[in-house]
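Input: a single structure, listed below in structure tokens.
The values are calculated or read from the model by the stated rules, or taken from the named source; none is laboratory data. Model, not experiment: these values are computed from the prediction. Virtual Cβ from ideal backbone geometry, glycine too; neighbours counted across all protein chains shown. Quick note on the areas: whole protein, heavy atoms, side chains included, nothing else; ligands and nucleic acids left out. Shrake-Rupley method; radii C 1.70, N 1.55, O 1.52, S 1.80 Å.
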Amino acid sequence: MIGTVTDDLVAEWSEFSESALGGLGSADFRTQWKAIAGGGILRTAASDASVGPVTRALAAVEGIGVGGTPAGLCYALASQRFGIQFPLQSFGAPAWTALADGVERGDILLCHALTEEGGGSDPLSMTTRAVPSGDGGWRLNGRKAFVTAAPVADHALVFARTATERTPFALSAFLVDLSTSGVRRSDPFPKVALTGVPMGALDFDDVRLEPERLVGQEGAGLALLTTTTSWERALLLGYALGPMRRVLDRTVDWARSRRQFDRPMGGSHLVAGRIADMALAVHRSRTLVYAMAHRFDRSESARSLASDAALTKISVAQDYLEFSRQAAMLGGVRSFIADTGLTVDLADPMAASVYAGPNDLLRVSVARELGLPVQN
Amino acid sequence: MNSVDDLCDLIRAILADTSAPADVDIEPQTALLVSGLLDSLTIMRIATRIEETAGVAFPESEVVAANFRTPQTLWALVETLRAEKSAVTR
């Protein structure tokens, strides 16, 4: 949970990120990634009695955001840490063990290749397929699209069908080295939200996979997917906490110093109320995300947390958007000019309602869990 | 949960909450995977309910077809998980 130890960790990581990224403002994505990873943010620290490894990782992600790390980089780090590393660690796959060290050092970058042109929320409809190659290995064919970090990643966690029927056990997961012959990456897509991290497509043209590339057993893809999506929905939005706190601080400064009608702007009850609402959004989001981290630290299973993870994701995404809307109104025209120090990016928080499971589809899964006879 | 019959009861109760065909009875040898009886959500629910009532952790890596073919194969897994657990705690 949130306490003084967590707050100290956030402060340490904030200081670290400021010095690690100092002078690297115009460096490329991998250089900045490596600089932040050098602090150990991707490594599972020896946990002490008071703070577990998931809470520590969340405090690190929040801290680098508070320190001014670009939102896109915070997002990419959180996405790999929570959406791939922790789930693979708990799944216990040999293919992962071989990579873990390089990933934790920041030398090997991963991406999560689930979504296809036809979508990501209906995984059983995917067309990418792996067929046995006769020697225990596999041949992979298909195309994954809208994959965060695909243009810069070294390995991909690829979900593919290993059976033709639409059954829950038709999918399997593979850790694929993207330098393998037959793998082709697209140019980065021209994103207009979270522009700090590239996104692209991966094409697999008869890619040979050794038997040990399979993660878990054949047919375990959906179970792994349940795990990765549960982790992601619970914790990915932790990336927004740091940037939100920075915006709140600077909005308070602005409302205190900006004079209008012969008084500080913050003397208006309407302005003060909006800023209180912004603080409420930060408070609620932090409380929810840290509570999920705490439950993972207590070894509650990802499967049993799926519904609460979905609720957390919806809530933080909504709060982040409403928070940003308030900040944009209070910054006035300066919200929309790049170098004013009050610029607000409304596309990033809006995108949060769409990635990692669109909020409306998550609502359906929550309602179904409550017992409503509703299908996707 | 002490027997494969208890497990059949558990599966029956979960299926009653879903849109599964109501006329399918669940016996130890009922083929669970052939008829589209179990969708992904139902499978995850069964795994979670087994954890809650059998007192064992159901590893994600065991959520595979071989274990869900019939209540009997699922019960065999529960017994294996229980044996592993008591071997560790002994």
Next item on the list: Go through segment A:79-101 and flag every residue whose accessible area shrinks by 20 Å² or more with all protein chains in place compared to the isolated chain (probe 1.4 Å).
Entry: A:PHE91
Notebook entry, point to check: Roughly how big is the protein assembly as shown's charge dipole about its Cα centre, with Cβ charges of +1 (Lys, Arg) and -1 (Asp, Glu), in debye to the nearest 20?
Noted result: 1180
Check: Relative contact order (percent) for segment A:4-105, with alpha-carbon contacts under 8 angstrom and 6 or more residues of separation?
Finding: 40
Checklist line | For segment A:147-162, Karplus couplings with θ = phi - 60° (6.51, -1.76, 1.60), whole Hz, Gly/Pro x | finding: 9, 4, 6, 3, x, 10, 7, 9, 10, 10, 8, 9, 9, 9, 7, 10
Next item on the list: Give a quick list of trypsin sites (Lys or Arg not before Pro) in segment A:216-308 that DSSP marks as loop, anything other than H, G, I, E or B, with at most 14 other Cβ atoms within 10 Å.
Entry: A:ARG298
Checklist line | Convex hull volume per residue for chain A, taking Cα atoms only, in Å³ | finding: 141
Next item on the list: May I ask you to give the percent of accessible area on chain B that is carbon plus sulfur, with a probe radius of 1.4 Å?
Entry: 52
Checklist line | Max mean-square fluctuation residue, GNM over chain A, Cα-Cα springs under 10 Å, options A:GLU116, A:GLU232, A:GLU15 | finding: A:GLU15
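When the helices in chain B are scored as -39500 (n - 2.57) per DSSP H run of 4 or longer and the sum is shared across all residues, what 222 nm value do you end up with, to the nearest 500 deg cm²/dmol?
Counting only the DSSP helices, I get -18000 deg cm²/dmol.
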Note to self: Quick check: pseudo-label points 7 Å beyond the Cα along Cα→Cβ at A:ALA291 and A:LEU346, how many nm apart are they?
What the structure shows: 3.0
Checklist line | Value at 222 nm in deg cm²/dmol, rounded to 500, when DSSP H runs of n ≥ 4 in chain A each add -39,500 (n - 2.57) | finding: -14500 deg cm²/dmol
Item checked: Furthest towards positive pole of dipole, A:GLY136, A:VAL215, A:ALA113, structure part segment A:110-220, Cβ charges -> A:ALA113
Next item on the list: Work out the length of the dipole vector of chain B about its Cα centre, built from +1 on the beta-carbon of each Lys and Arg and -1 on the beta-carbon of each Asp and Glu, and round it to the nearest 20 debye.
Entry: 280
Item checked: Long-range amide H partners of A:ALA150 with built H, under 5 Å -> A:GLY200
Check: What do you reckon, how do A:LYS191, A:LYS34 stack up by accessible area (1.4 Å probe), largest on top?
Finding: A:LYS34, A:LYS191
Item checked: Gain in span if fully extended, A:ARG143 to A:LEU280, counting 0.36 nm per residue against the direct Cα distance -> 45.1 nm
Next item on the list: Could you calculate the contour length gain from A:GLU369 to A:ILE337, that is, 0.36 nm times the residue separation minus the distance between their Cα atoms, to one decimal place in nm?
Entry: 7.1 nm
Next item on the list: Could you pull out every residue, at least 5 positions away or on a different chain, whose amide H is within less than 5 Å of the one on A:SER133? Hs are placed 1.01 Å off N in the peptide plane, and Pro or chain starts have none.
Entry: A:TRP138, A:ARG139
Item checked: GNM result for chain A, Cα springs below 10 Å: residue of A:SER365, A:SER307, A:SER285 fluctuating most strongly -> A:SER365
Check: Hey, what did chain B get for relative contact order, percent, Cα under 8 Å, at least 6 apart?
Finding: 33
Notebook entry, point to check: Along the charge dipole of chain A, Cβ charges K/R +1 and D/E -1, which of A:THR195, A:LEU370, A:THR6 sits furthest on the positive end?
Noted result: A:LEU370
Note to self: I'd like the Karplus ³J(HN,Hα) series for segment A:360-375: coefficients 6.51, -1.76, 1.60, θ = phi - 60°, whole numbers in Hz, and an x wherever there's a Gly or Pro.
What the structure shows: 5, 5, 5, 4, 4, 5, 5, 5, 5, 5, 6, x, 6, x, 10, 10
Checklist line | Sites A:ASP203 and A:ARG30, calculated FRET efficiency, Cβ-Cβ separation with R0 22 Å, nearest 0.05 | finding: 0.50
Item checked: Rounded to whole Hz, the Karplus (6.51, -1.76, 1.60) HN-Hα couplings of segment A:237-245, x for glycine and proline -> 5, x, 4, 7, 4, x, x, 5, 5
Next item on the list: For chain A, set up a Gaussian network in which alpha carbons nearer than 10 Å are linked by springs, and say which option among A:GLY39, A:GLY63, A:GLY221 fluctuates the most.
Entry: A:GLY39
Checklist line | Between segment A:1-43 and segment A:144-210, the alpha-carbon center distance in angstrom | finding: 28
Notebook entry, point to check: How big is the A-B contact in terms of buried accessible area, both chains counted, 1.4 Å probe, rounded to the nearest 100 Å²?
Noted result: 1600
Next item on the list: For A:LEU171, list long-range residues whose amide hydrogen, built 1.01 Å from N in the peptide plane, is under 5 Å from its own amide hydrogen.
Entry: A:THR162, A:GLY221, A:LEU222
Check: Between segment A:84-134 and segment A:232-249, what is the C-alpha centre distance in whole Å?
Finding: 25
Check: Relative to a virtual label point 7 Å from the Cα of B:ASP6 in the Cα→beta-carbon direction, which members of segment B:36-63 show backbone nitrogen distances below 16 Å?
Finding: B:47-58
